[in-house]
């Protein structure tokens, strides 16, 4: 255990010292830590002894995603978002269902050994985009604000929306209840997940922002402790929403938006301190992903998961996005840019672990598809972020 902890600490220490230089290259933190996990994991040098159960990986990924969603939402520019609300609303209300449907259609053509419900589960797991992997794009000011805020808002809400959809398919897979009761259960589940999540996010953000302003006014908060309120609030928001039967991801995003707006004079100092904690958790998650998931996925890979992964990151995502953005003033390259930067990551890991715990007959194939798709996304979206952003910035400059 101590050898593994020492290695993880050493990796984080060395990366933190070189993060500025690496940030200017095509190698993102996710790529580096996934590669380190694979190299030092069981199928590599077998130095990392990670006896982490599925539930442990799920909890780590959930906490990381909750923190990233809260921070990104709190950082959002609501004035820009209000003026360009059509982009995220189109992506969420039309693009997301179309992505699931297209993913299901291609899955039917590719996977002969899976049931229709299992294929629908794969399409749902891989539909939400990852706020953490998309950070290099949504925080880069070379990208127009409307595109940045649109992508950030989409990634903040689509995983929460997909949670009830996934549970509906899991209920169908277990053949519980009649079709009528399942349909009613589906509607109630969606309302419950979204409603409870939003209420928890709003209530905790109101309480926390009021407390922060009052106590900060009387100078009760030491500077050394200002790095913790956001981290604690994000985890509390996620956990309480999950406990009450809502979506913790919806709660974190809604709560983050409101908290950032209520403490906007001081939010940058608070969020800047908390981002380091989120980044550290994310790197540990990718290290474990590289050691455990990628290793076993590569070892058992067949052509069907490989083909579906490629389609998932291209046609299945990009065609619906391009379609829903046809009526906007965005250029063709900007539409393709938004379609391409829909990385799959932490949310898909969480959903994949949930499905694996159900022990479905096609569980092994589902694990392979999800694992290889996330791996491809980490690499391809990581190495393309800076070149594509630079190309977009150059095109905008020429058009001015």
- prompt: Does residue 297 satisfy the condition of being surrounded by 18 or more Cβ atoms within 10 Å (Cβ to Cβ), farther than 23 Å from residue 96 by Cβ, over 20 Å from the mean Cα position of the chain (by Cα) and modelled with pLDDT under 95?
  reply: yes
message: Given the condition more than 17 Å from the chain's Cα centre (by Cα), farther than 24 Å from residue 351 by Cα, in contact (Cβ under 8 Å) with a residue 12 or more places away in the chain and not in a helix (DSSP H, G or I), answer yes or no: does some residue in the range 253-267 qualify?
response: yes
query: When you look at residue 272, is it under 17 Å from residue 131 (Cα atoms), surrounded by fewer than 16 Cβ atoms within 10 Å (Cβ to Cβ) and either at pLDDT below 90 or touching a helix residue (DSSP H, G or I) at 6+ places or on another chain (Cβ under 7 Å) (or both), yes or no?
result: yes
query: In the range 346-400, which residues are in a loop (DSSP other than H, G, I, E, B) and either over 29 Å from residue 333 (Cα atoms) or touching a strand residue (DSSP E or B) at 6+ places or on another chain (Cβ under 8 Å) (or both)?
result: 357, 358, 359, 360, 361, 362
- line: Taking the range 157-171 and keeping only residues that are modelled with pLDDT under 80 and more than 20 Å from the chain's Cα centre (by Cα), one is left with 171
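Quickly run through the range 300-342 and pick out the residues that are part of a helix (DSSP H, G or I) and loosely packed, with under 14 Cβ neighbours inside 10 Å. Step through it out loud before you land on a result.
Within the range 300-342, the subset part of a helix (DSSP H, G or I) is 303-313, 315-324, 332-340.
Those that are part of a helix (DSSP H, G or I) and loosely packed, with under 14 Cβ neighbours inside 10 Å: 303, 332, 333.
A quick yes/no check of all residues on (1) in contact with a helix residue (DSSP H, G or I) (Cβ under 8 Å, 6 or more places away or on another chain); (2) surrounded by 23 or more Cβ atoms within 10 Å (Cβ to Cβ); (3) without any contact (Cβ under 8 Å) to a residue 24 or more places away in the chain:
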residue: 104; (1), (2), (3): yes, no, yes
residue: 117; (1), (2), (3): yes, no, no
residue: 149; (1), (2), (3): yes, yes, no
residue: 156; (1), (2), (3): yes, yes, no
- prompt: Can you name the residue in the range 90-99 that is closer than 20 Å to residue 350 by Cβ and surrounded by 24 or more Cβ atoms within 10 Å (Cβ to Cβ) and is also nearest to the chain's Cα centre (by Cα) among such residues?
  reply: 96
field: Which numbered condition residue 47 fails, given (1) modelled with pLDDT of 85 or more; (2) part of a helix (DSSP H, G or I); (3) surrounded by fewer than 18 Cβ atoms within 10 Å (Cβ to Cβ)
entry: (2)
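The values are calculated or read from the model by the stated rules, or taken from the named source; none is laboratory data. Everything numeric in this text was worked out from a predicted model, so none of it was measured. Quick reminder, even Gly has a Cβ in these numbers, built from the backbone with ideal geometry, and neighbours come from all protein chains shown.
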